[in-house]
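Remarks on the structure that follows.
All of the numbers you see were taken from the coordinates with simple rules; none came from a lab. Keep in mind the model is a prediction, meaning the values are calculated, not measured. Cβ coordinates were reconstructed from backbone atoms using ideal geometry, including for glycine residues, and neighbour counts include every protein chain displayed.
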Amino acid sequence: MALFILPDTDIHERTLSLFQDTVGPVLCHHRSGRPWILGSPASGVFLTSHNRNLNFVVTGHACLKGGDLTQKTDRISSLSQTKDLADELVDFDVLLFAHNGEELHAYAPVFQSRSLFWTRFDGLVVVSDEQYPLAALNGFELDHSVLATRLANAEVSHPFMRRPIWLNVDALGTAEYLHIAKDSEPRRSLWWRPPKADQPLDELKHKLSTGIETALRSRTEGRPAVSADLSGGLDSTTLGFFLSSIGLNLHTFFMESRDKSNNDWSWSDRAAREISSHHLKVPYQSVLDHITGEIPASPSIFPEGPGALSTAIASASTIEKHIGGTGSTLHLNGHAGDALFGQVSSMIWSYFRSGGRGRYAWIWRYRTMNRIPVPALIRMLLDRRTFSYELGRIASGNFSYPAHDASDYSSWIQVPRFPSFFTEATREQVSNLALSELRKGVAELSPDRTAHQILSYLTVHGAVNRRMNYVSDKVQFDSPYLDRRVVEAALSLNHRDRTRQYPAKPLLAAARPKEMGLDYFLRRDKGDYTPEVFDHHRTILDRAHDTFSGGSLLGDMGLVKNEEVVRASDSYSADGIAYSEVVDLEFAERWLRNVREEKIRIAAGGTQAW
């Protein structure tokens, strides 16, 4: 269900035929009559419009009709004016393309819940909304430096999250649009910037509640039924109350732990009663069993490669299976709520510099409650390192950590960790990628460290939802908390009100629908799913032992030591972190083997699995 966006130039008939075989027929043409966009559009609209100077295409759930788009585009006379149209339309899964015959501007959602990628093929810059068909054009060749960052779990930090795992494939980053001029290299530029964190909670609560309502209405318009997570946590519960308040046929989904001390079920059940949803409860263990036994680590299902978030992405298949009979074509989750409304590690650093009254006494109490050593607190508060400096340390091969984690709470970049099974070559690959980004002049996402950290997390959650939609065939996944209207309200909150987390997630609590009790936000217990996770890990660890005992592709690439992986899979981990690292590694190995099989099948004249 991918698109190819082509330049207005002559294309060899053989090349065009290959493109059509890869993604589908021509959907619209340039004014010259040459093909512009090919493929199979996803659900939603595919609208075209033109005026004297420009051609436009909008695809996705844009809540538009053809005449509406014409009316909006009639007033636009140059590509420089298309940012205003993007600001109005581009969110959720909406893409906007504008072309003047010489240049293309292409916009995707700020936090990449749908994105754009490109490569060069037969002398042409080919743009797509999916990576797999571009990878196929390039013979599924991998970028080993990106693979190394995935193995080291560096993908969760800017700037590593943007880079595709496929060689010669590039991508948009956070808040960027694509500009392609004839006979020039594609260029990424910002089209959105975060607001300043300078407004009090009372002035933002109405803006946030209106933003959430608007985001939900734009996503659910015309849908006979909608489903959503209802985990018992604050983000999904608040979302459920908002969905109920706009009168939808709502189905809610809960993954239940076998641990009887886990009280999430009672909060979830209560919320389901209060919002009158059709509530479905599924054992969490069955979700993990389905992921372990029935979801292949193939490039057609995981076209953007392996990573630490693969289990969360694979859960889309299980959710789709269980809600398939409800009539829902959209499943909403509360992803990004923790980052937007809760605590992030750098907020103490920002609060210290905010000028807010009472901040010194509050920070000292925070230090005492969290048992942070005074030297670690001082080091964190006085940290003056720049984003470029931290990236440069990684580029030079310096992956050292301070003696106490709190000293690093204000870091711009999460430093990759390398367990004993990684080789020196893995570290070098990560350093090389950091050096490449440094030379390109990559910058922080915001001059404010808290905003930068939040924006990094939002982009990760956008990528998770995007990748969940590759796993799912009939149900679309999304988080309304990634909507710009919601994000702008949340990021505008001043550091004093953000940092003083009582009640929990204070802005979300203030903006909640009136039907939702405040006691949800005063809850002190938190659900624990450790038994199921450890069982899941044990199954994967046994598989990893067998896999790496016989050799591995990762070992052949020089990225891991097979014998050390086997040793780690047999070792005990009190906190489970070492288990998670091996689980991620085992998934990456299976994915690589399936990529190899895909290449062999295509070389033998078979069809692509995508």
Globularity ratio of the range 69-189, using Cα Rg and 2.2 N^0.38 Å = 1.14
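Under 8 Å for C-alpha pairs, at least 6 residues apart: give me the relative contact order for the range 1-153, rounded to a whole percent. Don't skip to the end; give the middle numbers.
On the way: 255 pairs, mean separation 30.9, N = 153.
Answer for the range 1-153 is 20 percent.
Restricting to Cα pairs below 8 Å that are 6+ residues apart, what does the relative contact order work out to for the chain? Please round to a whole percent. Mind dumping the intermediate values first?
Values: 1061 pairs, mean separation 101.8, N = 610.
The value is 17 percent.
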Going by average Cβ neighbours within 10 Å, how do the peptides 2-11, 333-342 rank, with the highest at the top?
-> 333-342, 2-11
For Asp10 and Arg273 in one chain, what is 0.36 nm times their gap in residues minus the Cα-Cα distance, to one decimal in nm?
-> 88.6 nm
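Kirkwood Rh over alpha-carbon pairs of the chain, then Stokes-Einstein at 25 °C and 0.890 mPa s: what D in µm² s⁻¹, rounded to an integer? Write down the numbers at each step before the final one.
Values: Rh = 25.5 Å.
The Stokes-Einstein estimate is 96 µm²/s.
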Going 7 Å from the Cα of Asp21 in the Cα-to-Cβ direction, what parts of the range 37-56 have a backbone nitrogen less than 18 Å from that spot?
-> 38-40
With an 8 Å cut-off on Cα pairs and a minimum separation of 6 or more residues, tell me the relative contact order of the range 191-328 in percent.
-> 23 percent
Residues in the range 274-307 that a label on Arg601 would reach, taking backbone N under 15 Å of a point 7 Å out along Cα→Cβ = 295-303
Reachable lysines from Lys65, Cα under 21 Å, same-chain residues fewer than 8 places away excluded?
-> Lys83
Nitroxide proxy distance, nm - points 7 Å out along Cα→Cβ at Asn53 and Arg223 = 3.7 nm
Rounded to the nearest 0.05, what FRET efficiency do Arg353 and Thr329 have when you use their Cβ-Cβ distance and R0 = 60 Å?
-> 0.85
Once the dipole of the range 388-477 is set up with Lys and Arg at +1 and Asp and Glu at -1 on Cβ about the Cα centre, which of Ser446, Thr423, Val471 lies farthest towards its positive end?
-> Val471
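Taking the mean number of other Cβ atoms within 10 Å as a proxy for protection, how do you rank 420-431, 438-449, 304-315, 353-364 from highest to lowest?
Details: 420-431: 19.2, 438-449: 16.2, 304-315: 22.1, 353-364: 13.3.
Highest-to-lowest ranking by the protection proxy: 304-315, 420-431, 438-449, 353-364.
Could you tell me the calculated FRET efficiency between Asn398 and Ser189, based on Cβ-Cβ distance and R0 = 41 angstrom, to the nearest 0.05? Working shown, then result.
Numbers: r = 31 Å, r/R0 = 0.76.
It comes to 0.85.
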